[in-house]
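Before I ask anything, here is the structure I am working with.
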Amino acid sequence: MPLALAAIALAPAHGAGSSRTAGLIWHVEHRDGRALESRQPDAAINPASLVKVATTLWALDRLGPQHRFATRFSAAGDDLLVEGGGDPDFQPENAFAVAAALNDQGLTRLEGRLLVDGTFWIGWENGSARRDPDPARRARGMALRLRQALDPGRWDVDLRRAWEDFAGRTGRDAGRPPGVAVAAGVGLIPPEPPPARLLLIHQSRPLAETLKRFNAYSNNDIERLEAALGPPGALADYLDQRWTDLGGPPVRLVSLSGLGENRLSPRQVVRLLRDLAAAAAAHGLQVADLLPAAGCDPGTLRAFPRLVPEAGGASVVAKTGTLTRTDGGVSVLAGVAGTGS
């Protein structure tokens with residue numbers, strides 16, 4: 001029988017006489033809703049990256065699992081305009097594919113500039129913890145990253161390695177990389193863009209795949225979904241409205257990633273898992289299509305090797321969370337387990 005479970009480590013145990021459960025609170029439910037075991041289930045604690053599960057539910061509900069983010073590339077005179085469309089997971093590999101598509105159109109060099117808007121990102125920032133707080137400076141930095149990724153003449157060792165890996169996976173000739181050189185630098189698309197000719201639209205992978213990737217690696221750049229979904233306060237309202245029958249403390253969220261001082265209770269986390277499972281099923285998915293499975297997926301769950309089932313054993317699909325400095329340090333684990341019977 002599958003179980004929904006949540007275990008929250010508030011603080012490490014201290015002293016020779018401390019029990020192994022000192023500092024822990026938890027809530028465990030059977031799939032039929034019966035509480036099997038609890039310790040302070042309604043305490044308002046920092047859920048750390050379990051907030052990503054809430055963001056996943058919200059995104060699945062609002063956008064659907066097959067949603068794809070569109071990044072538009074257009075020519076305006078000698079300039080290349082890039083409208084991001086909020087793709088949270090545009091990487092150098094995507095830039096390689098774009099360069100190849102532009103080469104197919106005969107475009108290998110731009111005499112003008114590469115201009116981006118505020119909804120284009122490439123590579124990782126680690127969420128609001130390291131994001132440039134100045135929007136214009138952040139966008140310009142992203143434009144510089146894209147310019148470098150598009151032009152093999154500007155590649156560093158990491159980009160060269162990324163291209164070789166990409167070429168190997170896609171059957172391309174690693175010795176003949178695509179490329180588009182940008183001669184006049186980078187900038188931002190003006191508030192009133194010039195007339196432009198659409199060159200191509202790059203589609204992201206389906207949202208469900210993107211969410212699984214963010215959750216497996218507990219990547220804080222899941223915060224970029226704010227552009228499509230709304231701010232953390234709106235996510236808190238969304239959960240409060242779903243859980244009017246649940247009671248407990250009010251939901252408090254200051255980020256979509258779990259960074260900062262957020263608040264959920266273990267009982268609310270279990271309801272969150274139930275809601276995610278129901279939403280996934282409504283779309284023909286399983287929780288394992290959105291969260292990592294122990295022993296199967298890469299990422300942070302590998303820090304818990306004892307969750308990996310033995311041959312023929314029940315599976316565990318779970319999300320980890322860790323904050324080393326916030327609220328004195330927090331470590332959490334929540335997920336769905338099966339008993340194997």
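Collect the residues in the stretch 258-277 that are open to solvent by 30 Å² or more (accessible area, probe 1.4 Å) and outside any loop (DSSP other than H, G, I, E, B), keeping them in residue-number order.
Matches in the stretch 258-277: Arg263, Arg267, Arg271, Arg274, Ala277.
Can you spot a residue in the stretch 85-98 that is outside any loop (DSSP other than H, G, I, E, B), open to solvent by 10 Å² or more (accessible area, probe 1.4 Å) and free of Cβ contacts under 8 Å to residues at least 12 places away in the same chain?
no
Quick check: is even one residue across the stretch 295-306 assigned to a strand (DSSP E or B), touching a Ser or Thr at 6+ places or on another chain (Cβ under 9 Å) and either within 18 Å of Leu276 (Cβ to Cβ) or open to solvent by less than 70 Å² (accessible area, probe 1.4 Å) (or both)?
no
Could you please give the count of residues in the stretch 111-140 that are modelled with pLDDT of 95 or more and either within 22 Å of Ile201 (Cβ to Cβ) or of a type in the set (S, T, N, Q) (or both)?
Of the residues in that region, 13 qualify.
Anything in the stretch 93-122 that is within 21 Å of Arg137 (Cβ to Cβ) and of a type outside the set (Val, Ile, Thr)? List them, or say none.
If the condition is that a residue be within 21 Å of Arg137 (Cβ to Cβ) and of a type outside the set (Val, Ile, Thr), then Ala95, Arg113, Leu114, Leu115, Asp117, Gly118, Phe120, Trp121 are the ones that fit.
Identify, please: which residue in the stretch 210-248 is of a type in the set (Phe, Trp, Tyr) and in contact (Cβ under 8 Å) with a residue 40 or more places away in the chain and is, among those, surrounded by the most Cβ atoms within 10 Å (Cβ to Cβ)?
Only one residue fits best here, namely Phe214.
If you don't mind, another one. Only one of Trp121, Trp163 is in contact (Cβ under 8 Å) with a residue 12 or more places away in the chain and under 20 Å from the mean Cα position of the chain (by Cα). Can you tell me which?
Trp121
The values are calculated or read from the model by the stated rules, or taken from the named source; none is laboratory data. Note that the structure is a prediction, hence the values are computed from the model and not measured. In this analysis, Cβ positions are derived from the backbone assuming ideal geometry, glycine residues included, and neighbour counts consider all displayed protein chains. Heads up: the accessible areas ignore ligands, DNA and RNA and are worked out on the full protein's heavy atoms, side chains in. Shrake-Rupley method; radii C 1.70, N 1.55, O 1.52, S 1.80 Å.
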